[in-house]
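Contents: one structure, followed by commentary.
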Amino acid sequence: MFRKTACATLMASTLLASHAFGADMPGAGTTVRPVMAPSVEEIFQHRVLFRALEDLGYSIAEPQEVEYQTIHLALGTGDGDFTAVHWNNLHDTFFQESGGDDVLEKVGNLIDGALQGYLINKSAYDAGIQNLGDLKDPQNAAMFDADGDGKADLAGCAPGWGCERVIEHQLSEFGLRDTIAHNQGAYNAIMADSIARNAAGENILYYTWTPYWVSGALVPGEDVEWLSVPYSSLPDGATAETTFNGKDLGFAVDSIRVVATDDFLAANPAAGKLFEVAQISINDISAQNKLVADGEDDSADIDRHVDSWIANNRATYDSWLDAARAAASN
C-alpha cells in the first residue's frame, strides 16, 4: 500500500513538474529560422528577440543573412520564419511582392519613430540651402560637388534597400537629375568619405536613417541639418506621413516591425505574442549602434550589449515573457 501511494505521489509530482516546465517553456522542441540583413547594426534587435525566444524554450537556427527584398521573398516562400527588420512603409512593396497578407503577417511595432531623409552640413544649411529643391540651381548644387563634374554628390542608398526607389523617384519628380549625382555602393564606405570631407570643412550631402550610427557621428542640429523636400511624393503614388517636427523629410516616418509567416504564428502563439508586445526604444538602438561604430562590433560585444539592455529593462523584458507564456496556455 505504501509503495502504491509513494508511486502515485511521485507520478503526480512528475506530471506537475512537466506541466510547469511546459508552461514556462512553450517553445521547447521548436527551432526558429530567422532571416536578417548582413548589417552588424541590426544584429542587436534580433538577438534581444533571440534571447527572449530561448527563454521561452525555442532553439534558434543560424540566421540567414540576405538583403531586404530577399528577406521578404525567403519568408514568402517558407524558407524562414521571421525577421525583425521590416520597415512598415519603406518595405511594404517587398511585403506585397512576397505574398502579402495571404502568407505573411506584420506583428507589433518593435521600434517606433524611425526616420529617413537628406542632410547637409550645418554651415551650408545656415547659408540658405534648406530644401532639396534648392539644389535644382546649378550654383547651389556645385557647392556639394566632390568630383568636379558640376553636380552635387549625394551619398545615397545601396541598391535593394528600398530607400533607393524613393531617392530615384524624387530625383526625377523634383527635376534634379541634371544637378544631383546619386552615388551608390558600400554605404559605410561612402559615408566614411562624407564624414572625412565634413571634417576637412567641405560641404556634404547625404541620405541616412535613424536609428543608425551616422547620426551619432554627424549629429542633426549640431553638425548637420535635415533638408525639407519640395512636397511629399513617394513611388507608385503611395501616401504616408512624411513630416517630422514640422519639416517634410520626403520619407515616411516609419516603424520597424517583425514580419513572420502565417504558418509559424499559427503554430507558435507564444512567439507571436512576444513579437506583438516587444518594443525597444529607438534611443537604445542608436546608443548600441554608436558602440558598434566605436569598435564594439564583434559577436561577443553584441551579446554583452544584449545582456546590458535586458538587465536595464528587466521588468519590461519579463513582461514580454509573461505575456507570451499566457498566450501559449490559452
With +1 at each Lys and Arg Cβ and -1 at each Asp and Glu Cβ, the charge dipole magnitude of the chain around its Cα centre, to the nearest 20 debye, comes out at 1280 debye
Note, M25: beta-carbon cut-off 10 Å, +1 each Lys/Arg, -1 each Asp/Glu, net -2
Compactness summary of the range 114-248: radius of gyration and Dmax from Cα atoms, Å, are 13.7, 40
Over the Cα atoms of the range 199-301 the radius of gyration and the largest Cα-Cα distance (Dmax), both in Å, equal 18.1, 57
Summing -39500 (n - 2.57) over every DSSP H run of at least 4 in the chain, dividing by its residue total and rounding to the nearest 500, the 222 nm mean residue ellipticity is -13000 deg cm²/dmol
Counting only DSSP loop positions in the range 231-311, the chymotrypsin sites (Phe, Trp or Tyr not before Pro) whose Cβ has at most 14 other Cβ atoms within 10 Å are Y231
Cα-Cα pairs in the range 110-184 separated by more than 18 Å, as a whole percent of all pairs, come to 42 percent
From fewest to most C-beta neighbours within 10 Å, the residues Y58, Y206 line up as Y58, Y206
Stokes-Einstein, Kirkwood over Cα pairs, the chain, 10 °C, 1.306 mPa s; D in µm²/s equals 73 µm²/s
The residues H86, H182, sorted from fewest to most surrounding Cβ atoms within 10 Å, come out as H182, H86
Over all directions, the range 167-229 yields a Cα convex hull whose mean projected area in nm² is 4.9 nm²
When the charge dipole of the chain is computed with +1 on Lys and Arg Cβ and -1 on Asp and Glu Cβ about the Cα centre, the Cα farthest towards its positive end, among Q116, N188, A287, belongs to A287
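Readers should treat all values here as calculations from the given coordinates under stated rules, not as data from a laboratory. Predicted model only: the values in this text are computed from it and were never measured. Neighbour counts run over all protein chains shown; Cβ positions are idealised from the backbone, glycine included.
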